[in-house]
1. Taking the options ASN154, ASN158, name whichever one is closer than 21 Å to PRO214 by Cβ, among the polar types (S, T, N, Q) and touching a helix residue (DSSP H, G or I) at 6+ places or on another chain (Cβ under 6 Å).
2. Being free of Cβ contacts under 8 Å to residues at least 12 places away in the same chain and surrounded by fewer than 15 Cβ atoms within 10 Å (Cβ to Cβ) is the filter here, so list the residues in the range 264-287 that pass it.
3. Which of (1) closer than 26 Å to ARG386 by Cα; (2) among the charged types (D, E, K, R); (3) surrounded by 13 or more Cβ atoms within 10 Å (Cβ to Cβ) is the odd one out, the single condition LYS363 does not satisfy?
4. Determine whether LYS485 is assigned to a helix (DSSP H, G or I), modelled with pLDDT of 80 or more, out of contact with any Cys (no Cβ under 7 Å at 6 or more places or on another chain) and assigned by TED's automatic domain parsing to the domain that holds ILE529.
5. Can you name the condition, by its number, that ASN130 falls short on among (1) polar (S, T, N, Q); (2) buried (at least 19 other Cβ atoms within 10 Å of the Cβ); (3) part of a helix (DSSP H, G or I)?
6. Among LEU524, LEU495, which is the only one that is at pLDDT below 85, under 38 Å from the mean Cα position of the chain (by Cα) and not assigned by TED's automatic domain parsing to the domain that holds ARG335?
7. Taking the conditions exactly as written (aliphatic (A, V, I, L, M), under 25 Å from GLU141 (Cβ atoms), at pLDDT 80 or above and in contact with a Leu (Cβ under 9 Å, 6 or more places away or on another chain)), does VAL68 satisfy them or not?
8. With loosely packed, with under 15 Cβ neighbours inside 10 Å, under 21 Å from TYR538 (Cα atoms) and free of Cβ contacts under 8 Å to residues at least 40 places away in the same chain as the only criterion, which of ALA473, ALA482 stands out?
Amino acid sequence: MAFISESEQLTIKGMTEVENKFITKYLPVLDAKAVKIYLYALYVCRSGMKSYSAGDFAEKLGMTEQEVINCFEYLEEFELVSVTSRSPFEVKLLSAENVLGTPKKLKPEKYSAFATAVQSIITGRMISTNEFMEYYYLLDEYSFDQNALLMIINYCVNLRGDDIRPAYIKKVAKSFAEEGATTAKKVEEKLSSYSSATPSLIKIFSALSINRRPDVDDNALYEKWTDKLGFTDEAIICAARHFKARTAEKIDCALNELFRNRKFDVKEIEDYCKTRNSLYVCAGEIAKSLGVYIQDASPYVENYVGVWRDRGYEPDTLTLIADYCFMQGKNTFERMDDYIESLYADGIISKEAVTAKLQSLAKDDKLLKNILARCGLSRKVIEYDRQCLRRWREWNFSDEMLLAAADAAQGKNNPAAYMNAVLSSWKSEGLTTPESLPSHAPAAGGESSKAIIERHYYDLRAAAKERADRALAKAMKDDCYAGIKKELDSLSIKLAFAEVSDERRANEISGRISELDRRGDERLAKLGISKEDFKPHYKCSLCNDTGYDSEGRQCQCLKRFIKVNNL
């Protein structure tokens with residue numbers, strides 16, 4: 001065998017340079033000759049000099065062969081090399097361990113009393129030298145009191161029995177050290193807190209048929225469930241049964257979901273679990289009606305379907321609304337949520353109320369289609385038409401009067417504006433039925449001075465609004481800005497709810513909105529658009545193209561219009 005070889009672990013790393021761990025941890029404390037020996041040994045090994053002997057090594061470095069052997073034995077104490085043979089002398093290079101801290105040469109003889117105590121705790125098997133070295137390392141590296149580490153080992157053995165693996169003891173000991181529990185007093189305090197939680201965990205495990213004793217990890221989770229999340233033992237058991245959770249990790253997942261959905265009481269948990277599966281089914285049906293694909297229904301259930309169901313909307317009612325939203329081009333969960341917001345604001349929740357609302361909307365669209373046809377237009381009904389219809393009905397006009405106004409608007413350059421002016425004129429003159437229309441009325445083909453004025457100002461306002469709409473439409477054609485605008489619209493709704501119930505969440509959303517506003521402004525600047533372009537810019541800033549100032553007096557622009565047109 002070659003004078004110097006390397007362990008399989010070091011070979012796998014395929015290193016051609018000195019490990020960083022050696023430089024950061026060992027270089028500052030090693031004897032200078034030992035560093036020289038170690039570095040040259042790496043070189044020899046990497047160069048493939050398999051015939052190199054200890055004598056060749058000593059000659060090359062200007063040292064005696066015994067000095068070389070002494071240095072390697074010194075390095076062995078730091079576990080950087082392992083002497084595999086004395087005659088001929090052979091060593092194996094090992095991987096440097098532990099990037100932080102100061103290495104120490106472990107002296108097993110100083111831990112003889114500690115070793116005896118450990119063996120008296122783990123009585124079912126003989127402890128190997130390597131395992132003892134692991135415990136010695138914990139004592140030195142983490143500055144454990146011997147009694148403190150013995151208490152931890154005893155605790156672990158009581159949990160897992162004599163066949164406990166050293167890796168588990170190391171894991172527990174390191175968790176204690178991370179919390180500063182390295183003295184006997186602090187370990188005792190920490191174990192006391194574990195002991196106080198153990199009866200509750202045993203009760204929970206017993207109720208769920210988990211056949212093992214609770215350990216440190218279970219205790220940490222229990223503290224989270226009870227202190228941070230606020231669940232009682234009964235609620236934990238109830239949740240685990242309904243979610244069919246048979247491990248602490250799965251119980252944790254179930255409780256996290258319940259926490260996100262604000263279900264804490266046993267009855268709330270039972271009710272939630274009864275409807276949980278139906279919520280996922282409902283989300284799938286809604287997605288199908290909207291014509292969208294969802295890979296994971298969980299976020300849609302938590303953010304939309306669960307909220308809608310909590311407000312009282314039944315699954316078949318939600319499917320009905322989804323069908324309507326699809327027909328209206330509102331075929332996303334976000335846009336459907338916006339529509340449900342408007343229904344909820346009007347107190348429309350039951351299936352009967354929603355059906356009546358949708359039937360009314362369908363009837364309105366049919367009437368608007370007829371009105372557009374009479375005006376000589378063949379386009380689809382848009383939201384602006386619905387807004388006009390709501391305004392005309394607020395003016396108490398019947399469907400017959402609306403159709404009469406549409407007949408009067410046929411052939412005009414802007415039928416919708418003309419129709420609006422005609423109806424405004426009829427309203428001011430108290431004309432409410434087709435029979436009441438005089439022969440000189442606009443329906444017969446003429447226009448009164450008031451109708452001309454109102455149509456003129458209506459056209460001005462409509463033109464200003466159209467310019468603003470065009471600017472917004474141009475911006476929304478840009479995918480980047482459209483995405484920002486869509487998220488802003490969604491967050492503004494969420495902010496309204498968060499401001500009522502969750503101040504921290506409201507602050508998070510406000511911060512996100514501010515960031516999106518900034519990004520949106522930057523994107524609009526690149527497109528050559530300003531947010532001001534989204535607002536109507538009226539021809540007359542004094543009256544905003546209404547003809548009257550804030551006190552109801554005729555604006556100067558109206559007076560000029562009357563004079564110029566001899567009205």
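The values are calculated or read from the model by the stated rules, or taken from the named source; none is laboratory data. Being a predicted model, the structure only gives us computed values, none of them experimental. Ideal geometry is used to build each Cβ from the backbone, glycine not excepted, and the neighbour counts take in all protein chains shown.
1. Working: ASN158 fails: touching a helix residue (DSSP H, G or I) at 6+ places or on another chain (Cβ under 6 Å).
One residue alone meets the criteria, ASN154.
2. The answer is LYS267, ASP271, LYS274, ASN277.
3. (3)
4. Yes, satisfied.
5. Here ASN130 meets the rest and fails (2).
6. Values: LEU524 fails: at pLDDT below 85.
Going through LEU524, LEU495 in turn, the sole match is LEU495.
7. Values: aliphatic (A, V, I, L, M): yes; under 25 Å from GLU141 (Cβ atoms): no; at pLDDT 80 or above: yes; in contact with a Leu (Cβ under 9 Å, 6 or more places away or on another chain): yes.
Here the answer is no, as VAL68 does not meet what is asked.
8. Going through ALA473, ALA482 in turn, just one is loosely packed, with under 15 Cβ neighbours inside 10 Å, under 21 Å from TYR538 (Cα atoms) and free of Cβ contacts under 8 Å to residues at least 40 places away in the same chain: ALA473.
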